[in-house]
Amino acid sequence: MRIGLVCPYNIFKGGGVQECVLAMQKELALRGHEVFIITPTPRHLPAEIPDKILLLGSSTDFKSPFHTTTQVSVSVKPDVLQKTLDAHHFDILHFHEPWVPIVSRQILTKSKAKNIATFHAKLPDTIMSRTIEKVITPYTKSILKYFDTYTAVSDAAADYVKTLTDEKIVVVPNGIDLTRYTPQASAQSQAKILYVGRLEKRKGVKYLLAAYHELVKTRPDVKLIIAGDGPDRQKLEEMTAEYGLSGVEFAGYISEAKKLQLLRSATVFCSPALYGESFGIVLLEAMACGVPTVAGDNPGYRAVLHERADQSLVDPKKTHDFAQKLERQLFDQESRKLWQEWSEDYVKQFSYGRVVDQYEALYRQVAN
């Protein structure tokens, strides 16, 4: 089949959707399909454009409801778009985050292929997000009629679309490259808690600091590494100083290689997000590295950790419970062993091979 994967974000910048699209292209190509990525032209082109990436339109910075900024397509000339579609005769066009303006709608109105939608994000339950939802809902409604089938990465990611259509939404989870994220045995002289992510309110890092503050009263040798950057970094550093926490390290923005290194050396991975998580790919990365996890009890994370909810999920605002969960995952060797044995098997279902199996079956279903 000739397949076009439509990504509304700058494919050359990191991000969960971009990583998913690139991994799908690789896996589908290995199966003999001809797969192109259709994506906005970034403001600054890389020195080399990989084969089978089709750049369309101009782009602009877009601040999402999740406090992140990326580049999205704002304009595609109709004649250029038509020429591109005519040249490739796609059997399948697979639109990721089609609610993001504008390129998906422009392609959909001219597409003669079978069109598949995948929704990745869950809008945070905040006043601002509800306002944004009111703005994007007319746009999203206007494109739904063009799709032959709908998918979402989790039930949480499907919530918004379910308010707009009665059509079935197939849940196909996010994937992970299990050849990359693997355990690495290492002798650890110090117990380490690792957080990786944006430093913003919804991520709940201030509650992690509060729980860590309580934990080190009885476990003073535990180290906390906070990797990432964001608008709350200064506040969190000030909070660390107020608590007098000498065991906290702010690593700042890190590369993928550094993230992998930190994951493999961590004793526990912690992501105390309060809301706005549609899935939790970072949890799978930690699990694949054999690192026991403590995570905020939100719908997206529960979708991943539901089988170990009592052991892994916590209300981050309950400081005492949070500290106890961290301590157990750090030091209860029997509990850690059971968790690692479970996660080693459980995470296999999220390999990109299995994820693409599900998408490929959908492609064949709609193509017939």
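The values are calculated or read from the model by the stated rules, or taken from the named source; none is laboratory data. Computed from a predicted structure; not experimentally measured. Cβ coordinates were reconstructed from backbone atoms using ideal geometry, including for glycine residues, and neighbour counts include every protein chain displayed.
Of all the numbered requirements in (1) under 14 Å from Glu327 (Cα atoms); (2) without any contact (Cβ under 8 Å) to a residue 12 or more places away in the chain, Lys223 misses one, and that requirement is (2).
When Ala152, Ala157 are screened for being within 29 Å of Arg202 (Cα to Cα) and modelled with pLDDT of 90 or more, only Ala152 passes.
Among the residues of the stretch 123-149, the one identified as surrounded by fewer than 15 Cβ atoms within 10 Å (Cβ to Cβ), outside any helix (DSSP H, G or I) and at pLDDT 80 or above is Lys145. Taking the stretch 305-322 as the range and being touching a Leu at 6+ places or on another chain (Cβ under 7 Å) and either aliphatic (A, V, I, L, M) or not in a helix (DSSP H, G or I) (or both) as the test, the residues that pass are Leu305, Leu313, Pro316. Identify the residue in the stretch 263-304 that is part of a loop (DSSP other than H, G, I, E, B) and acidic (Asp, Glu) and, among all such residues, is nearest to Gln329 (Cα to Cα). Only one residue fits best here, namely Asp297. So, Lys325, is that one of a type outside the set (Asp, Glu) and part of a helix (DSSP H, G or I) or not? Yes. Total residues in the stretch 158-216 satisfying the condition of being more than 30 Å from Leu144 (Cβ to Cβ), among the small types (Gly, Ala, Ser) and in contact (Cβ under 8 Å) with a residue 40 or more places away in the chain: the figure is 6. Identify all residues within the stretch 8-36 that are touching a strand residue (DSSP E or B) at 6+ places or on another chain (Cβ under 8 Å) and part of a helix (DSSP H, G or I); write none if there are none. Within the stretch 8-36, Val17, Gln18, Cys20, Val21, Leu22, Met24, Gln25, Leu28, Ala29 meet the criteria.
When Pro292, Pro272 are checked against the criterion of being over 14 Å from Val196 (Cα atoms) and buried (at least 24 other Cβ atoms within 10 Å of the Cβ), Pro292 stands alone in meeting it.
Just name the residue that is surrounded by the most Cβ atoms within 10 Å (Cβ to Cβ) out of those in the stretch 238-258 that are out of contact with any strand residue (DSSP E or B) (no Cβ under 6 Å at 6 or more places or on another chain) and assigned to a helix (DSSP H, G or I).
Among those that are out of contact with any strand residue (DSSP E or B) (no Cβ under 6 Å at 6 or more places or on another chain) and assigned to a helix (DSSP H, G or I), it is Met239.
Beta carbons closer than 8 Å, at least 6 apart along the sequence or on distinct chains, pair a first residue in the stretch 280-306 that is farther than 20 Å from Lys337 by Cα with a second that is among the aromatic types (Phe, Trp, Tyr) and at pLDDT 95 or above for Val282/Phe269. Counting only residues that are of a type outside the set (Gly, Ala, Ser) and either assigned to a helix (DSSP H, G or I) or touching a His at 6+ places or on another chain (Cβ under 7 Å) (or both), the stretch 199-230 holds 13 of them. Residues in the stretch 183-198 that are in a loop (DSSP other than H, G, I, E, B) and at pLDDT 95 or above: Ala191 alone. Applying the criterion of being surrounded by fewer than 20 Cβ atoms within 10 Å (Cβ to Cβ) and under 23 Å from the mean Cα position of the chain (by Cα) to the residues of the stretch 1-17, the residue that is nearest to Asn115 (Cα to Cα) is Gly16.
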